[in-house]
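J.: Please find one structure pasted underneath; my questions will follow.
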Amino acid sequence: MLELTRVSKWFGGLPALQAVSFRLDPGRVTALIGPNGAGKSTLINCVSGVDRAGEGAIRLDGRSIATLPAHQIAALGIARTFQNLKLFDRLSVLDNVLAGLTVTAERSFIRSMLRLPTLRHQERRLRLRGLQALDDFGLTEKSAWPAGALAYGEKKRVEMARAFVSDPRLVLLDEPVAGLNTIETARIARHIRRQRSAGHTMLLVEHDMELVMDVADHVVVLDSGRCIASGPPAAIRSNPLVLEAYLGRMEATA
């Protein structure tokens, strides 16, 4: 589904990604792991169009998307969450989720101005999809709450509901359990497994190794912007290069 070939990115002459190559198969959860500063979020930003890769190819079903703006990439069926929450705090929980349907809604200035029946039908249809997404993530009772009033773990689930509401082909999850307690982490894990069972493809960036080993079908490891290992979770867990990357970084910061 998604294929990256020798993707590189620099910031001020410093390499954030160095010739990274891997592919995602449909209907699976691929985890992208590595120490802090390994380039994980930079890679997701390049795939989603938030940043542009300096070199290399990013293809979705064989089509190059490396130079497309973020809204066009979203329209092709790639949705994402953010490491730092990107919610509209003053809007309701439902309106935040409905924002994820912007790329799928038909737009017409004339129909919007005249409030034609087709527009009202579309709004009802989109609202039902938003409510279904909230139900999937256990947020129905708080659909009318302002998003800013929610607990942190609930805000994380709102972002996930917004990412999945459009039934995207690929969802990029950037540290979905960062800052969550064990109960909320287990809840997010259940949601990820449920979405995989529904056929969704996911690229998961995460530091919680217990979660990664629980939900991932395949793991890609970055260190200093380079891909140092790739394989099933059991093989990655005991890979000496992976252990050295993590333990070495921990010793350097101790």
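Taken together, the values in this text are just the output of simple stated rules run on the coordinates, not laboratory data. All values reported here derive from a predicted model rather than from experimental measurement. No Cβ is skipped: glycine too gets one built from the backbone with ideal geometry, and neighbour counts run over all protein chains shown.
J.: Classify the range 138-178: rounded, prolate or oblate, from the alpha-carbon gyration tensor (a ≥ b ≥ c, eigenvalue square roots; a/c under 1.5 rounded; otherwise prolate if a/b is larger than b/c)?
T.: oblate
J.: For A16, list long-range residues whose amide hydrogen, built 1.01 Å from N in the peptide plane, is under 5 Å from its own amide hydrogen.
T.: For A16, the qualifying residues are K9, W10, F11.
J.: Right, here's the next one. How far is helix 182-197 tilted off the main Cα axis of the chain, in degrees rounded to 10, range 0 to 90?
T.: 80
J.: On to the next question. Give me, ordered by chain and number, the residues 5 or more places off G77 or on other chains with an amide H under 5 Å from its own placed amide H.
T.: Close amide H contacts, sequence-distant or interchain: none at all.
J.: Tell me, what HN-Hα J-couplings in whole Hz come from the Karplus equation 6.51 cos²θ - 1.76 cosθ + 1.60 at θ = phi - 60° for each residue of the range 153-159, using x for Gly and Pro?
T.: Karplus values, whole Hz, x for Gly and Pro: x, 5, 4, 4, 6, 4, 4.
J.: Right, something else. Would you mind ranking E141, E206, E123 by Cβ crowding within 10 Å, fewest neighbours first?
T.: Listing E141, E206, E123 from fewest to most nearby Cβ atoms yields E141, E123, E206.
J.: Per DSSP H run of n ≥ 4, the term is -39500 (n - 2.57); total these for the chain, divide by its residue number, and report the mean residue ellipticity at 222 nm rounded to 500 deg cm²/dmol.
T.: After summing the helix terms and dividing by residue count, I get -12000 deg cm²/dmol.
J.: Take the cross-link list K9/K86; K86/K142; K40/K142 and give me the ones stretching past 22 Å between alpha-carbons.
T.: As for pairs spanning more than 22 Å Cα to Cα, those are K9/K86; K40/K142.
J.: State, as an integer percentage, the relative contact order of the range 156-254 based on alpha-carbon contacts under 8 Å between residues 6 or more apart.
T.: 21
J.: If I stretch the segment between R52 and D95 completely, what's the gain in nm (0.36 nm per residue apart, minus their alpha carbon distance), one decimal?
T.: Numbers: separation 43, 0.36 × 43 = 15.48 nm, distance 2.93 nm.
In short, 12.6 nm is gained.
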